[in-house]
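The values are calculated or read from the model by the stated rules, or taken from the named source; none is laboratory data. Here the structure is a predicted model, which is why all the values come from computation and not from measurement. Note: ideal-geometry Cβ built from the backbone for every residue, glycine included; neighbour counts use all protein chains shown.
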2 protein chains.
Amino acid sequence: MKVFLMPLLKCRVRQCALLVMALSFTVSAESVWAADPLPSWQDRDARQKIIEYVEKVTDSESDQFIPVAERVAVFDNDGTLWCESPLPIQLAYLIDEVKKQAKENVELRKDPAVAALLKGDIRGSLADGLDGLLRLAAIANADMTCDEFKENVQQWVQSAEHPRLKRRYIDTAYQPMIEVINYLQANDFKTYIVSGGGADFMRVWSEEVYNIPPEQAIGSTARPKFELRGDKAVLVRTSDNFVLNDKEGKPLGIQQFIGRRPVMCFGNSDGDKAMLEYTTMGNAHPSLGVIVHHTDGDREYAYGKEGPQKLIEALEDAPKRGWVVVDMKEDWKTVFKFPQ
Amino acid sequence: MKVFLMPLLKCRVRQCALLVMALSFTVSAESVWAADPLPSWQDRDARQKIIEYVEKVTDSESDQFIPVAERVAVFDNDGTLWCESPLPIQLAYLIDEVKKQAKENVELRKDPAVAALLKGDIRGSLADGLDGLLRLAAIANADMTCDEFKENVQQWVQSAEHPRLKRRYIDTAYQPMIEVINYLQANDFKTYIVSGGGADFMRVWSEEVYNIPPEQAIGSTARPKFELRGDKAVLVRTSDNFVLNDKEGKPLGIQQFIGRRPVMCFGNSDGDKAMLEYTTMGNAHPSLGVIVHHTDGDREYAYGKEGPQKLIEALEDAPKRGWVVVDMKEDWKTVFKFPQ
């Protein structure tokens, strides 16, 4: 029996901790809720629809109640949770990495895509589309282990700055969306990122920036390579078996990684249309789709009519599908947590 | 402010619930721990090593303490958590499904692999190895949606019986291992299945059988197909982009799905060697590898020296890697929860 004395003592400590947690919850929950769960949102239609939905599906006496295990909310990342203009942030990382490698590697500078990048011609460096992008990613990977990549990204995000906003990229997360994530988590929703970006890239900072743990960040993936190096087992990054988690790939990624149909979905472009459809069409539970529309050229960027982040078809379908459209300029009191 | 009255009321209810939970925890935690966290285990080396490890890494005053977020434990499924003899259970499902399809489809019976199955010649039906198995799986899928597949498996597992044990397959889970899962969960470990079996197959029953939610069941996957059918969005099963989650594939699957290195790993065959290595070699945290050795031909099955579930290399490496070997016959008081 002696073996169990320690855990028993630890349990007593834990009881106290739980009681303290329960009591502190009393105070904090009341004050947060009484104040406003979404303080950066104007009191308009979008905010009301989000709150009405959450109240309805978490009310155990409502016929629209959703059990906790089924409360899955998915969020696109670039342009939905943080700024994606003028460049997706991961692309900015990739460019910095390739430039770093090219400094030390003369051969690399002969590569036309790399040469274009070094001249600041990003469009030229990506002339080959996805293939070109993957080739640049392979250069940036350069046989790094997954642990080394993580450290490298960690260092970069702690200092790299957005060129116009003059803040670190990780500070360009949208304050109103962080409030939505917190609000859903407080209501026992499991919150996932479902992004076209690289899963390994997002997982480095997703917990710090959004309070979303790495295992709930779903993105594009490649299969690493398993190696024993002396007495250490390592995973080496490759571009093998690359799977792009975008468009129709998003519901497939949701099926592969979560295995449940989400009940809430937040996106901002036609790349999110399929996962909005998957969430809201034929769902056994009540569901809500939300589109973040970039209408604020002053505080952020106004776009969507063309280019890689276009929002045309999903916006057209929004009324008939019942998707809520968030007008960033009108619906958000503040865009970022820093003053503008 | 009116909008917030309801959640405020609900919070009061939740406070009470939390307090009650805290109090009931007091009672149940003490009694469970004081009694024995692993009652189906003999008081031998394997049991002691598991308990010592858990106590050490959850003791906040120990220099071996592991923060909660990093407490990831991975379990192989077939042969580690439930019976895999005389056939892996998913293969039994597949055979039943193909037979069902063949009843209604004369053409199918002309397929040599199907014809062999119908004659009871399982070895013959799998003569083409993995390719043959995938072809049978494609037949069993037959354009099912993921939702239909889930229902189908759900029905099957509720009745299909193990040929020798005369119990439902889902009742052939190992009681001592269920106790380990419960024990780890009570100590804030996040428990994952990492199996060569199909992820979609396991996710149907993983919560019922092991208290492991679908999103924590990692397995072999294929990419489904996204389709709009009228006003419903569905995912249709395919064999596209099949990824086998076995051997070196297991650490890769762990990286893709979890993105953290596990600290505990349980396996039973050479197919688990790479994930045992990944868990225990070069881990920044203290780690524990455990091998379940099938030594009990009376109560279960004795095997490992040959065949698809062989355990040779991992067993050889166990002493030098410090992996704990569980001798089923000697270490387990009971194998299943039903009397034998």
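Checking the conditions here, which among B:Ala274, B:Ala233 is within 30 Å of B:Val180 (Cβ to Cβ), at the interface with chain A (Cβ under 10 Å from one of its Cβ atoms) and among the hydrophobic types (A, V, I, L, M, F, W, C)?
One residue alone meets the criteria, B:Ala274.
Test of understanding: among A:Ala113, A:Ala102, A:Ala137, A:Ala142, which residue is surrounded by fewer than 17 Cβ atoms within 10 Å (Cβ to Cβ) and among the aliphatic types (A, V, I, L, M)?
On inspection, the qualifying residue turns out to be A:Ala142.
Can we say A:Asn182 is within 9 Å of chain B (Cβ to nearest Cβ) and over 24 Å from B:Gly253 (Cβ atoms)?
Criteria not met by A:Asn182.
Go through A:Leu311, A:Leu244, A:Leu276 for me and flag whichever is surrounded by fewer than 23 Cβ atoms within 10 Å (Cβ to Cβ) and either within 26 Å of A:Ala217 (Cβ to Cβ) or not hydroxyl-bearing (Ser, Thr, Tyr) (or both).
A:Leu244
Return yes when A:Ser269 is in contact (Cβ under 8 Å) with a residue 24 or more places away in the chain and within 14 Å of another protein chain (Cβ to nearest Cβ) and no when it is not.
Spelling it out, it is not the case that A:Ser269 is in contact (Cβ under 8 Å) with a residue 24 or more places away in the chain and within 14 Å of another protein chain (Cβ to nearest Cβ).
Regarding A:Thr279, is this residue in contact (Cβ under 8 Å) with a residue 40 or more places away in the chain, in the same structural domain as A:Leu184 (by TED's automatic domain parsing) and of a type in the set (Val, Ile, Thr)?
Judged against the criteria, A:Thr279 is a match.
I'm trying to understand the selection: among the residues of the stretch A:158-208, which are more than 30 Å from A:Leu134 (Cβ to Cβ) and under 11 Å from the mean Cα position of the chain (by Cα)? Step through it out loud before you land on a result.
Narrowing the stretch A:158-208 to residues more than 30 Å from A:Leu134 (Cβ to Cβ): A:166, A:175-176, A:178-190.
Passing the criteria: A:Ile178, A:Ile181.
What is the one condition in (1) over 24 Å from A:Gln48 (Cβ atoms); (2) within 13 Å of another protein chain (Cβ to nearest Cβ); (3) small (Gly, Ala, Ser); (4) in contact (Cβ under 8 Å) with a residue 24 or more places away in the chain that A:Gly197 does not satisfy?
Evaluating A:Gly197 over (1) over 24 Å from A:Gln48 (Cβ atoms); (2) within 13 Å of another protein chain (Cβ to nearest Cβ); (3) small (Gly, Ala, Ser); (4) in contact (Cβ under 8 Å) with a residue 24 or more places away in the chain leaves (2) as the failure.
Take A:Ala34 and decide whether it is surrounded by fewer than 18 Cβ atoms within 10 Å (Cβ to Cβ), at pLDDT 50 or above and facing chain B (nearest Cβ under 10 Å). Before you say what the answer is, go through the steps one by one.
Working: surrounded by fewer than 18 Cβ atoms within 10 Å (Cβ to Cβ): yes; at pLDDT 50 or above: yes; facing chain B (nearest Cβ under 10 Å): yes.
In short, yes.
Taking A:Ser40, is it modelled with pLDDT of 95 or more, among the hydroxyl-bearing types (Ser, Thr, Tyr) and either in the same structural domain as A:Val153 (by TED's automatic domain parsing) or surrounded by 14 or more Cβ atoms within 10 Å (Cβ to Cβ) (or both)?
Answer is yes for this residue.
For B:Asn241, state whether it is without any contact (Cβ under 8 Å) to a residue 40 or more places away in the chain and either more than 11 Å from chain A (Cβ to nearest Cβ) or over 20 Å from A:Cys146 (Cβ atoms) (or both).
It is true that B:Asn241 is without any contact (Cβ under 8 Å) to a residue 40 or more places away in the chain and either more than 11 Å from chain A (Cβ to nearest Cβ) or over 20 Å from A:Cys146 (Cβ atoms) (or both).
Name the single residue, out of those in the stretch A:274-304 being in a loop (DSSP other than H, G, I, E, B) and in contact with a His (Cβ under 9 Å, 6 or more places away or on another chain), that is farthest from A:Phe336 (Cα to Cα).
At the first step, the residues of the stretch A:274-304 found to be in a loop (DSSP other than H, G, I, E, B) are A:281-287, A:294, A:296-301, A:303-304.
Checking the rest, the ones that are also in contact with a His (Cβ under 9 Å, 6 or more places away or on another chain) come to A:300-301, A:303-304.
Details: A:Glu300: 9, A:Tyr301: 13, A:Tyr303: 18, A:Gly304: 20 Å.
Once the filter is applied, the top-ranked residue is A:Gly304.
Please go through the stretch B:277-316 and pick out each residue that is among the charged types (D, E, K, R) and either out of contact with any Asp or Glu (no Cβ under 6 Å at 6 or more places or on another chain) or closer than 12 Å to B:Gly79 by Cα (or both).
B:Glu277, B:Asp296, B:Asp298, B:Arg299, B:Glu300, B:Lys305, B:Glu306, B:Lys310, B:Glu316
Looking at (1) under 30 Å from A:Ser287 (Cβ atoms); (2) under 24 Å from the mean Cα position of the chain (by Cα); (3) without any contact (Cβ under 8 Å) to a residue 24 or more places away in the chain, find the lone condition where A:Leu126 falls short.
Going through the list (1) under 30 Å from A:Ser287 (Cβ atoms); (2) under 24 Å from the mean Cα position of the chain (by Cα); (3) without any contact (Cβ under 8 Å) to a residue 24 or more places away in the chain, A:Leu126 breaks only (1).
For the stretch A:211-224, give me the residue count where each residue is more than 8 Å from chain B (Cβ to nearest Cβ) and over 11 Å from the mean Cα position of the chain (by Cα).
2
Would you mention how many residues in the stretch B:43-97 are buried (at least 18 other Cβ atoms within 10 Å of the Cβ), in a helix (DSSP H, G or I) and among the small types (Gly, Ala, Ser)?
Of the residues in that region, 2 qualify.
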